[in-house]
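Asker: Here it is, the structure, as structure tokens.
The values are calculated or read from the model by the stated rules, or taken from the named source; none is laboratory data. Quantities reported herein were computed from a predicted structural model and do not represent experimental measurements. Please note: Cβ atoms are built from the backbone with ideal geometry, for glycine as well, and neighbour counts cover all protein chains shown. Just the protein is used for accessible areas: all its heavy atoms, side chains included, with ligands, DNA and RNA removed. Shrake-Rupley method; radii C 1.70, N 1.55, O 1.52, S 1.80 Å.
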Amino acid sequence: MGASVLELARFQFAMTTVFHFFFVPFSIGMALVTAIMETMFVRTKKPLYKQMTLFWGKIFLLSFAVGVVTGIIQEFQFGMNWSNYSRFMGDIFGAPLAIEALLAFFMESTFIGLWMFTWDRFKPALHAAMIWLVWLGTTLSAIWILSANAFMQHPTGFAINQATGRVKLVDFGAVITNPQLWVEFPHVIFGAFTTAGFAVAGMAAWRLLKHDHEEFYLRSLRVGLIVGLVAVVGAIGVGDLQTQFIIKDQPMKFAATEGIYKNTKDPAAWTVVELIDSKNHTVSNQLDVPVLLSLLAYHKTSGAVKGMDQANAELQAKYGKDKDYYVPAKTLFWSFRVMSGGGVVLAIVAILGLWFSRAKKNTLSSKRWLLWLLGIALWVPFLINTCGWLITELGRYPWTVYGLYTIEDAISATTTAGQLWFSNIAYLLIFSLLGGVMVYFSHRNLVLGPDAPSTLNYGIDEITPLEGQPS
């Protein structure tokens, strides 16, 4: 098997995973934001909140549609490019992925339809319950998908079928109680809420810069920032729990995120930036903060951290010296800093936005620099999510299933470099088109504004334009 085939297959899967993960967290979070807005309408009876629900609901539906399409492409890849992996993992993946499709996805898609077409057929509280059920369905989908991913990180509840050489499911309970799942899932779900919160706030900020429907977009911005702030603080908190698990379970991944080749001193200093020579396994030009890594890793002022050299030696002793178990240290090191630093920046920006837009002294419209920051912050969660998945997936190299099955073993034996070049180019063009469509229609929705007739407003009387309405 040529290395080019392996690298092309890895690139293709990384490309589709990253693009898919642009929209899935966004749609999960947008379901929550939309549900909150409709609940505010139910509680207050103010038309402004109904307009907010209809307006941002259209963007939620766009993200949901694009997320579904990109997910289908990934499904095809498992069979075309990673057929050996699919055969090896079929018994394990079958149950959670079937439950996700038959229960969670059917639930969310059914209630999305009911929510869209029944504004005039149910009482407001019952109608709002439907969007909450959509949100619940998207969250359940995330649990079942991540239970499959968690198995790849930390296999549980399985046995090896000696006749076929494949894994078989022997304890479904162990799969869904996998400790990796219950540190990974809350981190991902808080990341999804962060994405939607700051996306709504950012889009609203761009319209506030143009003094467009100021009350509508100010309320939308505050809802987005409240959701985003709570979520990003939650993501940081559960991210710490996930780090504690990784330190013990995948020390190579943790060492790479900190750029450590040699075991550290006790206490361990945290490296802010450094230059990494991944070929010679050395680092230089470090800027260190004394003791901080021990505090972050062990929550105390003492404790050394294992380096990649020792982690590699331990993995070779356990799995064989014929492989190199070093992970892409540069990518993980900088991805971790973008992810964690970006989260802190978002929290600060959210606090500033909420403070300057408070009811008693709203001065946000005069803080154009802050509106610009909020507008730019719209894109930051997508970058953070991408960095998080790079850490998660590249950090277990060379395994597809940690300790059981390598990337090289997983690829289809009949796939050729020519086929992969063709499909890579085709997927890139398709994804560019889908992304362009999503951005175009979201922007068009913003330009048309909340007074435009809503495609979700089926069968109910036209809502009076917001200008001049009490909120």
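Asker: Within the range 26-50, which residues are surrounded by fewer than 24 Cβ atoms within 10 Å (Cβ to Cβ) and either outside any helix (DSSP H, G or I) or over 22 Å from the mean Cα position of the chain (by Cα) (or both)?
Answerer: Across the range 26-50, the qualifying residues are Thr39, Met40, Phe41, Val42, Arg43, Thr44, Lys45, Lys46, Pro47, Leu48, Tyr49, Lys50.
Asker: Of the conditions (1) within 22 Å of the chain's Cα centre (by Cα); (2) open to solvent by 10 Å² or more (accessible area, probe 1.4 Å); (3) of a type in the set (Phe, Trp, Tyr), Trp56 satisfies every one except a single condition; which number is it?
Answerer: (2) is the only condition that Trp56 fails.
Asker: With respect to Leu241, determine if the residue is surrounded by fewer than 17 Cβ atoms within 10 Å (Cβ to Cβ), assigned to a helix (DSSP H, G or I) and at pLDDT below 95.
Answerer: yes
Asker: With touching a Ser or Thr at 6+ places or on another chain (Cβ under 6 Å), aromatic (Phe, Trp, Tyr) and modelled with pLDDT under 85 as the only criterion, which of Phe78, Phe93, Phe60, Phe64 stands out?
Answerer: Phe78
Asker: Got a sec? Which of Val183, Val223 is part of a helix (DSSP H, G or I), within 25 Å of the chain's Cα centre (by Cα), under 30 Å from Leu54 (Cβ atoms) and in contact (Cβ under 8 Å) with a residue 60 or more places away in the chain?
Answerer: Result: Val223 is the single residue among Val183, Val223 that is part of a helix (DSSP H, G or I), within 25 Å of the chain's Cα centre (by Cα), under 30 Å from Leu54 (Cβ atoms) and in contact (Cβ under 8 Å) with a residue 60 or more places away in the chain.
Asker: Something else: I'd like the full set of residues that are free of Cβ contacts under 8 Å to residues at least 40 places away in the same chain and either open to solvent by less than 60 Å² (accessible area, probe 1.4 Å) or charged (D, E, K, R) (or both), limited to the range 95-107.
Answerer: Ala98, Ala101, Met107
Asker: Between a first residue in the range 4-29 that is more than 17 Å from Glu184 (Cα to Cα) and a second residue that is outside any helix (DSSP H, G or I) and open to solvent by 40 Å² or more (accessible area, probe 1.4 Å), which pairs have beta carbons less than 9 Å apart while being 6 or more apart in sequence or on different chains?
Answerer: Val5/Thr416
Asker: Being without any contact (Cβ under 8 Å) to a residue 40 or more places away in the chain and of a type in the set (D, E, K, R) is the filter here; which residues of the range 319-336 pass it?
Answerer: Once the filter is applied, which keeps residues that are without any contact (Cβ under 8 Å) to a residue 40 or more places away in the chain and of a type in the set (D, E, K, R), the range 319-336 yields Lys321, Asp322.
Asker: Limited to the range 116-127, what total is found for residues that are in a helix (DSSP H, G or I) and without any contact (Cβ under 8 Å) to a residue 40 or more places away in the chain?
Answerer: Selection size over the range 116-127: 1.
Asker: Further question on the same structure: Would you mind stating whether Arg207 is more than 22 Å from Trp379 (Cα to Cα) and out of contact with any strand residue (DSSP E or B) (no Cβ under 7 Å at 6 or more places or on another chain)?
Answerer: Spelling it out, it is not the case that Arg207 is more than 22 Å from Trp379 (Cα to Cα) and out of contact with any strand residue (DSSP E or B) (no Cβ under 7 Å at 6 or more places or on another chain).
Asker: Within the range 355-427, which helices (runs of 4 or more DSSP H) (wholly inside it) include 2 or more residues that are over 24 Å from Val238 (Cα atoms)?
Answerer: Result: 368-377, 407-410.
Asker: Name the single residue that is nearest to Met37 (Cα to Cα) among those in the range 162-180 being among the hydrophobic types (A, V, I, L, M, F, W, C) and touching a residue at least 24 places away in the same chain (Cβ under 8 Å).
Answerer: Per the stated criteria, the residue is Ile176.
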